[in-house]
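*Asks:* Just dropping this structure here.
A short reminder: the numbers here are calculations on the coordinates, not readings from a lab. Note that this is a predicted model, so its numbers are computed, not measured. All Cβ positions, even for glycine, are placed from backbone atoms using ideal geometry, and neighbour counts span all protein chains on display.
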Amino acid sequence: MKCYNFCIPTIFISYVINIFVILLTTFNSSIPNYVEPVGYTKMPPFSKRVILISIDGLAIHILQTSEQNRISFLMRMAETKGVMGIVKAEAPTETRPRHVALLSGFNEDLFNIWGFWKRNLHPFESILHNAQFSWAYGDPVAIKPFLVEATDRRSSSMKLEYYPEISHNSMYADDFVLKKFKTFIETDLNKFIEADEVTQDGRRGKLLFLHLCSVDDAGHHGGYNAPLYDQIVLNANVIIEQIYELYRKKVSEEDLVSTTFIVTADHGTKPEGGHGGSTDDEIFVPFFAWGAGIANIPNSNHAFSLLAQQNSVSTLVASLLSTLIPSYSQGSLPIHLLNASDQIKSNLLRSNILHLMKLNEALIHKANRHSIISSFTSIGPQANFDDRVEDLKSLMKRERVLLNSLFHSKWMLWSRASFLWTISAALTSFAIVVDLMGYRTSKIAPNYTTIFRICTLLIALIELFRVIDCCRDKLLNFLDYTTEPNFREICVLPFMCLITDFILGGYVSSGRLMISKMLEHFKMSKYQILSFVLLFLQSYLIIAAFHRPEFHAAAGVIVSINLIFNPFRNTEWKFARIFSLVLTILYSLWMLILHSQPIETNPNLLGHQIILGFILLSLWILFNAVTYSIKIDRIMLHEWFLLEFQNLLLHVLIIHTHLFGLNIYDRSVLSALSQYVVRHFNGSNTPMLINIPVLVVVLTYIFITYKRNQKQRKQTLKAQALIWLILMPLAFIYGFTHIGEVKSWYRIGTDTAYFIYLSVAPIFCASILTVLSDFAEYNQRPK
């Protein structure tokens, strides 16, 4: 038996390197190491002190008329003295990242995946650090990210305390905060209300942050419709009223009117309980503000409009205190919440715009250090920016442009490297196809060419070990955020190794020969051209259905229409095939209608998906029976390829319908399956049981394809391998373009696993099929 004719060491190693490099580049920190501080220090402060309260897990439904009595104090204060409305958070809606956004102004850094999302690995500034003195009490998850080392000069001006990480009842957390506030009134109130000291670093104002966690605890036990949740919300409202009244009685009227109160939440709660995703119940949270510097907006309790993004709250607090903006803040300044003239608002906007410009410059500088093409330019000159006279509308527009540019600046390095990854995947696929089809030249290469190829292979191996070691270091030594890999080198070097081996290995001339031979007698009918287009569209739908389950039904419609007009119809199984095709089309269209409706109205959607899987399975069996009976002397190579393409995609559609259409790897589905298995079987067998259908279909596919290969002698196995290799770049490109979207931590994990699956599965399947093909050829030789 001949050895693997498509083992191409250098090209394959470069492909593996690219997989690791994509993970390193995607999950690189988007936070620059240094941003020049900018603040509102040229303006007199609106407020001398701010009391910021976060009610963890407070759902937006609390603003409904029937629920407002549970937050009567907050409603009364905001309605008569300030403003109330809605603030929008971003996913993941978890306590740590949302409080980082609330107090520091930026959303989750993907770099934290190397620390398994347990903490912020890159040091950062928050409004707690930029106030002249700050206090914070609450849950350790919310408070710990803002702690500083004892050697930090800011440690003497910060007092951050959290309760022990032990099990407790739902009232304990809020009672702890209330007790700490009472102690604060006795020991630190004088420091809180005294005049600011003159400092060299520009820090101003006093900030007290209180984190009430009991509402979130209650939300995890039954959701916001549970009686316990309503009770805890009512208790939180009472505690905030006690805090306000205790403070009001202890300070003078002058100190009270120079204090700002802000009450909001880090995230919401789903009706059934829990959080972490991006549903409206999770990302929209209430916002109440009153006191010094806050505009009194009449009737805001009726409209409940979107007041700001959550990452703008730290910018708002900085403007109220006229202190430094947190260095990595990416929030806009909600000037409509400020009780100030247009001139003052314009000056504040200029300061925030200047900060955003400096942050953008820092991101561009970071990208330039590592990018393969250092051609990024800044948004515009910063010189004399403070002296420009612009109206509010123009300034707000400029701020929006800068905020949009921040997103692109964070992904500059990734986007510039992505075209190298795309080309690498295409060349890898093409080179393996040349070897698989047997078109690579058999001429003996000159000695110097062999030496160059060996050197290229060694360089690729060294780079592979370096990249793997870099990933290992990120996992083991993730605290050292400054040890960034040289992204320019790890992107360009494997690409150059691939190009070198591609040219020296003779793949250019061999590929040209292969294409010319294949096109020599290549005449396609209109149906076949349309069929190829539909097959590639179906390929995309099958791959993309991981994120859009309705695409399984759409792919079912396309494959059925394609098979109806199959030119290789025969009388065998005629009525069964027609019935199966029509049934598949009708049921797939019905599934598309069901997917277009809210999932709450379709509790039986999972059952319909199972039925669709069985219908597709019957269609695949019938199609294999038809293909098995085709006379090989009546079919051209491209026609045979078309049939195998249809067969393969139908098979993959069945597997993906089971794996992803049924969503069997979702945590809730796995939990339900595990409970069922524990009741009826051994609980440890859950993974095996849910994958039995996949294993059966895969083994059946390999067996039937192998049998057809033995009968028809048309290289069925190699044809299937060729299709896998042609689909490989499409799968690879789709995979790496969909990781890194922070919908939830679980979503990032599944998207990363899917990327690895799409990168490895096609080449693995092609390898297995090629080995089986070689084995079949060996057995068919005359003895």
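*Asks:* Within segment 244-308, list the GluC sites (Glu not before Pro) lying in a DSSP loop whose Cβ has at most 15 other Cβ atoms in a 10 Å radius.
*Replies:* E272
*Asks:* Assign one of three labels to segment 223-363, namely rounded, prolate or oblate, based on the Cα gyration tensor with a ≥ b ≥ c the square roots of its eigenvalues; rounded applies when a/c is under 1.5, prolate when it is not and a/b is larger than b/c, and oblate otherwise.
*Replies:* Taking the square roots of the gyration eigenvalues as a ≥ b ≥ c, segment 223-363 is oblate.
*Asks:* Taking the convex hull of the alpha carbon atoms in segment 82-164, what volume per residue do you get, in Å³?
*Replies:* 125
*Asks:* Give me the compactness ratio for segment 50-339, meaning the Cα radius of gyration over 2.2 N^0.38 Å. Walk me through the numbers on the way to the answer.
*Replies:* Numbers: Rg = 17.5 Å, N = 290, 2.2 N^0.38 = 19.0 Å.
Cα Rg divided by the expected 2.2 N^0.38 Å: 0.92.
*Asks:* What does segment 21-162 give for Rg and for Dmax, in Å, if only its C-alpha atoms count?
*Replies:* 17.9, 56
*Asks:* Quickly rank 94-100, 407-413, 700-706 as a protection proxy: mean count of other C-beta atoms within 10 Å, highest first.
*Replies:* On the way: 94-100: 24.3, 407-413: 18.7, 700-706: 17.1.
In descending order of packing, they fall as 94-100, 407-413, 700-706.
*Asks:* Now for a separate question. I need the peptides 391-397, 506-512, 462-468 ranked by packing, meaning the mean over residues of other C-beta atoms within 10 angstrom, with the highest value on top. Intermediate results must be reported in sequence, preceding the final value.
*Replies:* On the way: 391-397: 13.7, 506-512: 17.3, 462-468: 15.7.
Descending packing order for the listed peptides: 506-512, 462-468, 391-397.
*Asks:* If you average the sequence gap of Cα pairs under 8 Å that are 6 or more apart and divide by the length of segment 50-339, what percent do you get for the contact order?
*Replies:* Reported relative contact order: 39 percent.
*Asks:* Once you order the gyration tensor axes a ≥ b ≥ c over the Cα atoms, which shape class does segment 198-284 get: rounded for a/c under 1.5, otherwise prolate or oblate by comparing a/b with b/c?
*Replies:* Oblate.
*Asks:* OK, next. For a quick size check, give me the Cα extents of segment 111-235 along its three principal axes, largest first, whole Å.
*Replies:* So the extents along the principal axes, rounded to whole Å, are 52, 42, 22.
*Asks:* Over 27 Å between C-alpha atoms is what I'm after, so list which of K159/K179; K159/K345; K206/K249; K410/K474; K118/K159 land there. Before the final figure, lay out each step's value.
*Replies:* Details: K159/K179 15 Å; K159/K345 32 Å; K206/K249 19 Å; K410/K474 20 Å; K118/K159 23 Å.
Distance filter (> 27 Å) returns K159/K345.
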